[in-house]
Amino acid sequence: MAQVLAQLYEHGSPQSLALVVLLFLVAMRLAMPRSRAEKLLSKLPSPPFRLPVIGHLHLVGPLPHRSLRDLARWHGPDVMLLRLGTVPTLVVSSPRAAKAVLRTHDHVFASRPRSAVADVLFYGSTDVAFAPYGEYWRQTRKVVTTHLLTPRKVRCSRAAREQEVRLALARVRDAAAARTAVDLSELFSFFANDVVCQAVTGRLPREQGRNKLFRDLLETNAKLLGGFNLDDYFPSLAGLNVVSAKAVKHRKRWDNLLDSLIDKHVRKTVTDEHEEDFIDVLLSVQQEYSLTRDNIKAILMDMFEAGTDTTYIALDFAMAELMRNPKTMAKLQAEVRRCAGKGKEIVTEEDLSSMSYLKAVMKESMRLHAPGPLLIPHFSMAECDVEGYTIPSGTRVILNVWALGRDPTCWESAEEFMPERFMEEAMDAASDLQGNDFRLLPFGSGRRMCPGINFTTATFETILANLIYHFNWEIPPGTTGIDMTESYGMDVHRKEKLLVVPCVAQDV
């Protein structure tokens, strides 16, 4: 049976996989008595179109954040139970319910459900993002936040960010001189990855010709983690190792890269002229926190993945929206050029502090296009009450932050790109990205909130302000507009490349 499942995983559909295991799972289900947890779950609102074995999987389309939003409108709207395979999953789609999960009962929902792919990729889920709640997770998060992602540490990496900005601007100037389009999706991706690599490893991937390798590794991570993984929906089949072969093969590629980076740092002498980077920090605290080499590799992979993809996706969507809204683009250009002044080689991070409209553009882009629209699932560790329902221990929880950001009962003109809503005089001026406004949670909230918000904000604002300051932008001739079609993996990004034509601004 394992061989058949492996072949179907490689070539078949989720429906065909489910049909193969139909008799096996039905027999198991019939043999099990109804538990207290099942009785509690049966009281939750749930779509009626539940099929044997696969449950509600057939209702979840290729863009799950949209499917779940539509289902919640009919069967929620605050909380809704889906049976995804044999896994009961609570879907949270309102700010009120999100606050109950992420603040009122944060201590209950602070863990993660087991993920077979994450276990393989992250060495037993010993990274920060997927590690179960407990002492190990607390210690590793402390290392990451203290030694890489505090506001002071982010400020210390400013010089590296600004050097990367100079290199990106040079590339765009070459395209402007030739009057050719530049692929901003690629530029943003490599820019974000180079900034992260500099902070984490003290080196740049392009110096060893590794840009393409990094991009390929990160893209495959997203596909494996965001794809249909049989073990995640049918845990009773986990022992068959249907999905692990691909993940194991991919992790070996990470092993080769990460081991070489760590080995270079281990061999480094005290006289080497090299500022302390995050790998140095991890090695220096390895004994204190009882970290194995595999633990270090898992944490490093986390930093590369989260630091690159979140920033690049946010930048890509923001620039796409600006191209679709010329008046908004003009307003942002006016602010950036006014605040920075004339004759700047680059817009520095000191200049950014007074750019309130730039910050509003980032918030609005994150509201409409949260890079991780469903975040990473949470997992309940005890019974608790949410919106009048008792949620049993062991329930998987998905927070649809994409739906929160587009809820028409919470936002005026919810589907429109309107940064003005976050300006000082506007109703939503007090909203921030720090997890305090439960309508706006691109980084999550509570114990499991993404710790990289300061790093992402600095990287986002620095490159976007400079591209807006130095260039005017046009859609390539013959192009009708910007395609906003989404592609779903672990994160959601635009399907098509962002090709735009730069023109050097003459009045700056």
Residue ID - modelled with the lowest pLDDT, chosen from residues in segment 487-508 that are closer than 21 Å to residue 346 by Cα and assigned to a loop (DSSP other than H, G, I, E, B): 508
Among the residues of segment 178-191, is there at least one that is at pLDDT below 85, buried (at least 18 other Cβ atoms within 10 Å of the Cβ) and in a loop (DSSP other than H, G, I, E, B)? no
When you scan segment 218-235, do you find a residue that is surrounded by fewer than 19 Cβ atoms within 10 Å (Cβ to Cβ), among the hydrophobic types (A, V, I, L, M, F, W, C) and at pLDDT below 85, even just one? yes
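Given the options 98, 116, name the one that is closer than 30 Å to residue 252 by Cα and among the aliphatic types (A, V, I, L, M).
That would be 116, the only listed residue that is closer than 30 Å to residue 252 by Cα and among the aliphatic types (A, V, I, L, M).
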Residue by residue through segment 202-217, note down the ones that are closer than 27 Å to residue 120 by Cβ and either of a type in the set (Gly, Ala, Ser) or at pLDDT 85 or above (or both). 216, 217
Residue check for residue 508: over 19 Å from residue 312 (Cα atoms), touching a residue at least 12 places away in the same chain (Cβ under 8 Å) and in contact with a helix residue (DSSP H, G or I) (Cβ under 7 Å, 6 or more places away or on another chain): yes
Can you list residue pairs whose Cβ atoms sit under 6 Å apart, with the first residue in segment 93-114 being under 13 Å from residue 378 (Cβ atoms) and touching a residue at least 24 places away in the same chain (Cβ under 8 Å) and the second being charged (D, E, K, R) and in a loop (DSSP other than H, G, I, E, B)? Count only pairs 6 or more apart in sequence or on different chains. 97/78; 97/387
Is at least one residue of segment 64-87 of a type in the set (Lys, Arg), closer than 19 Å to residue 233 by Cα and at pLDDT 90 or above? yes
Requiring at least 1 residues that are surrounded by 16 or more Cβ atoms within 10 Å (Cβ to Cβ) and of a type in the set (Lys, Arg), the helices (runs of 4 or more DSSP H) wholly within segment 46-154 are 64-75, 95-99, 135-147
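Results for (1) outside any helix (DSSP H, G or I); (2) surrounded by fewer than 18 Cβ atoms within 10 Å (Cβ to Cβ), shown as yes or no for each residue.
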{"residue": "295", "(1), (2)": "no, no"}
{"residue": "299", "(1), (2)": "no, no"}
{"residue": "320", "(1), (2)": "no, no"}
{"residue": "327", "(1), (2)": "no, yes"}
{"residue": "338", "(1), (2)": "no, yes"}
{"residue": "347", "(1), (2)": "yes, no"}
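The values are calculated or read from the model by the stated rules, or taken from the named source; none is laboratory data. Predicted model only: the values in this text are computed from it and were never measured. Because the Cβ atoms are built from the backbone with ideal geometry, glycine has one as well, and the counts that use them run over all protein chains shown.
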